[in-house]
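Undergrad: For reference, the structure I am asking about is given below.
The values are calculated or read from the model by the stated rules, or taken from the named source; none is laboratory data. Bear in mind the structure is a predicted one, so any value in this text is a computation, not a measurement. For neighbour counting, all protein chains shown are included, and Cβ atoms are generated from backbone atoms with ideal geometry for every residue, glycine included.
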Amino acid sequence: MSLPLLKLPSLDLLRGFVAAGRRMSITLAAQDLCLTQSAVSRQIHALEEFMGTRLLVRGHRSITFTAEGERLFRSADAVLQQLQDVLGELRAAQAARPVTLTASIGVTGLWLLPRLSRLQQKLPGIDVRVAASDNVADLRHDGVDLAIRYTTPALAPAGARRLFGESVAPVAHPLLLASAGKSGGLPAEAPLLEFDIPNPWLKWQDWQDLADAGGKRKKRSMLRFNQYDMVIQAAVAGHGVALGRIELIRPLLENGQLAMLAEPRAQPDDGHAYWLIQAEAEPRREVQQVADWICGEAWA
């Protein structure tokens, strides 16, 4: 006949009894549990009162089991050892679990990677796993803690934090600017570099007035890429003029690898921006630290 959960003795009572049984000493059991000897004795007495029978025979500086005590010890010791093993494995797995962050390939390569050294300096004890993908992930199902997403305020999930908006301008290697002359347009012979996705914000059609400066319409050669970071790499290499997402490529502008050929055009307040999404409303401490670091970098 088994007892209902409600009527089981406290785990503290069983723990004190098992600790004493493992060491066959109340004194050593007290040391193992960081308790006083009298505290462990009280636990064992309370368990005996609950059981209605003696469990230990106390001698001079020694203890032995009664028949009932030995039977209870064998069962309780096995159960507590199994619990120790499982809890130890779970805690070890949790401690070793890295913070997984996902972002598009372009955001990862252009914005996140150049900043990772600062993350390591700020949070040296945290393991971070970066998963670059243009696919929309189910954060909880895929084991992702944080995601940087390009979306609108209306579509951003509850709890998402806006990192920064988006402004776009033509950019090229500074050496290409010499061929632009005083026309105010783009370098005459430079190919146009375009991100080959259905996003009108990054299409050259909206910048045709700049491309046709001087009233001369000329069909330009165009290079298209299926990854945005490839568009920017081609511009840095001097292969043409790209539509630069200023917030993503700011370090390249600041160090002179790229230069703007016109003033940026910014998305409206209700337009697309970059947002930080958390899988859990109350994440574990290291996830929160990485999330706060990302926001600090974005808002600096």
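Undergrad: Taking ASP229 as the residue in question, decide whether it is modelled with pLDDT of 90 or more and surrounded by 17 or more Cβ atoms within 10 Å (Cβ to Cβ).
TA: Answer is yes for this residue.
Undergrad: Where in the range 49-142 are there strands (runs of 3 or more DSSP E), lying wholly inside it, with at least 1 residues that are within 30 Å of ASN226 (Cα to Cα)?
TA: Here the list reads 99-103, 128-132.
Undergrad: Which ones in the range 16-41 are within 17 Å of THR64 (Cα to Cα), in contact (Cβ under 8 Å) with a residue 12 or more places away in the chain and in a helix (DSSP H, G or I)?
TA: Selection gives GLY16, PHE17, VAL18, ALA19, ALA20, GLY21, ARG22, ILE26, ALA29, VAL40, SER41.
Undergrad: Looking at GLU89, GLU68, can you tell me which residue is surrounded by fewer than 14 Cβ atoms within 10 Å (Cβ to Cβ) and free of Cβ contacts under 8 Å to residues at least 40 places away in the same chain?
TA: After applying the criteria, what remains is GLU89.
Undergrad: Assess whether ARG42 counts as being surrounded by 14 or more Cβ atoms within 10 Å (Cβ to Cβ), at pLDDT below 90 and not small (Gly, Ala, Ser).
TA: no
Undergrad: Right, next: Please go through the range 269-290 and pick out each residue that is closer than 15 Å to PRO124 by Cα and in contact (Cβ under 8 Å) with a residue 24 or more places away in the chain.
TA: GLU286, VAL287, GLN289, VAL290
Undergrad: Name the residues in the range 64-77 that are under 14 Å from LEU11 (Cα atoms) and either of a type in the set (A, V, I, L, M, F, W, C) or touching a Pro at 6+ places or on another chain (Cβ under 7 Å) (or both), would you?
TA: LEU72, PHE73, ALA76, listed by residue number.
Undergrad: Among the residues that make up the range 105-123, is at least one of them small (Gly, Ala, Ser), within 17 Å of the chain's Cα centre (by Cα) and not assigned by TED's automatic domain parsing to the domain that holds PHE195?
TA: yes
Undergrad: Restricting to the range 1-17, and then to whatever is among the small types (Gly, Ala, Ser) and at pLDDT 85 or above, can you tell me which residue is surrounded by the fewest Cβ atoms within 10 Å (Cβ to Cβ)?
TA: Of everything passing the filter in the range 1-17, SER10 is surrounded by the fewest Cβ atoms within 10 Å (Cβ to Cβ).
Undergrad: Same structure again: Is there any pair with a first residue in the range 130-141 that is within 24 Å of PRO114 (Cβ to Cβ) and a second that is in a loop (DSSP other than H, G, I, E, B) whose Cβ atoms are under 6 Å apart and which are 6 or more apart or on different chains, and what are they?
TA: Here the result reads ASP134/SER104; ALA137/VAL144, each pair linking the range 130-141 to a residue that is in a loop (DSSP other than H, G, I, E, B).
Each row is one residue, and each column tells you yes or no for (1) small (Gly, Ala, Ser); (2) on the phi > 0 side of the Ramachandran plot; (3) at pLDDT 95 or above.
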site: LEU113; (1), (2), (3): no, no, no
site: GLN121; (1), (2), (3): no, no, no
site: VAL128; (1), (2), (3): no, no, no
site: ASP134; (1), (2), (3): no, no, no
site: LEU155; (1), (2), (3): no, no, no
site: ALA158; (1), (2), (3): yes, no, no
site: LEU163; (1), (2), (3): no, no, yes
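Undergrad: Have a look at GLY240, GLY271 and point out the one that is on the phi > 0 side of the Ramachandran plot and either crowded, with 17+ Cβ neighbours inside 10 Å or not aromatic (Phe, Trp, Tyr) (or both).
TA: Criteria check complete, one pass: GLY240.
Undergrad: Next up: Find the residue count for the range 222-241, including only residues that are assigned to a loop (DSSP other than H, G, I, E, B) and either in contact (Cβ under 8 Å) with a residue 40 or more places away in the chain or in contact with a Leu (Cβ under 9 Å, 6 or more places away or on another chain) (or both).
TA: 5
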